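Single-structure report; data block below.
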Amino acid sequence: MSEQAEPRPLVFPAAGTEHTPERPAGNMIRLGPRARRLIRAVARIVNPLVLRIAGRRHMPIVGIVHHRGRKTGRAYATPLGVRPAPGGGFVLPLTFSEASHWYQNIRAAGWCVITYQGADHTVARPTVVDRATAGPAYPRYERLALRLIGVNEFVLLTDAPAGSAAGRGEPGAGG
């Protein structure tokens, strides 16, 4: 009989403390400039269509990440694969590395709002975590798919404290 390793529980940093996790192995997905331009062009067409169904009550795989541009201040809504994290907050695969604009915007602000299954959740403290840490948030088939396509990095966002500026959803609230 073979033993299966227990998934590691998510570890949340204490409020007010800086938490710098050990750097996980980077994602294996490496794209050149042409591929990135193509993906952006496709996303401009596909994202508005996906936004019509993402974040709804009966759509547990795709949520909407609401964030502001770090340079322009423009409001963005990005449909992404979102999973609730055990213990609160959400986990998102960082498919295209830390170069993703949505990730850079969230990191700069320190918080965002995620629409998941019809409800808005204000989350904060974006932290890049490895597959083992994020794994418990995903069903087995999704863990396998993410491993097969080479996704090793995830963003963990914890619930924002209710009394904080981010918890009230105030624009310009930092992390």
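Close contacts from region 143-160, counting a first residue that is without any contact (Cβ under 8 Å) to a residue 24 or more places away in the chain and a second that is in a helix (DSSP H, G or I) and open to solvent by less than 70 Å² (accessible area, probe 1.4 Å), with Cβ to Cβ under 6 Å and a gap of 6+ residues or different chains, come to ARG143/GLY135. ASP130 satisfies every condition listed in (1) touching a helix residue (DSSP H, G or I) at 6+ places or on another chain (Cβ under 8 Å); (2) touching a residue at least 60 places away in the same chain (Cβ under 8 Å); (3) surrounded by fewer than 18 Cβ atoms within 10 Å (Cβ to Cβ) except (1).
The residues of region 37-57 that are without any contact (Cβ under 8 Å) to a residue 40 or more places away in the chain, aliphatic (A, V, I, L, M) and either loosely packed, with under 13 Cβ neighbours inside 10 Å or not in a helix (DSSP H, G or I) (or both), listed by number, are LEU38, ALA41, VAL42, ILE45, VAL46, LEU49, ILE53.
The values are calculated or read from the model by the stated rules, or taken from the named source; none is laboratory data. Here the structure is a predicted model, which means the values were calculated and not measured. Virtual Cβ from ideal backbone geometry, glycine too; neighbours counted across all protein chains shown. Keep in mind that these areas ignore ligands, DNA and RNA; they rest on the heavy atoms of the full protein, side chains included. Shrake-Rupley method; radii C 1.70, N 1.55, O 1.52, S 1.80 Å.
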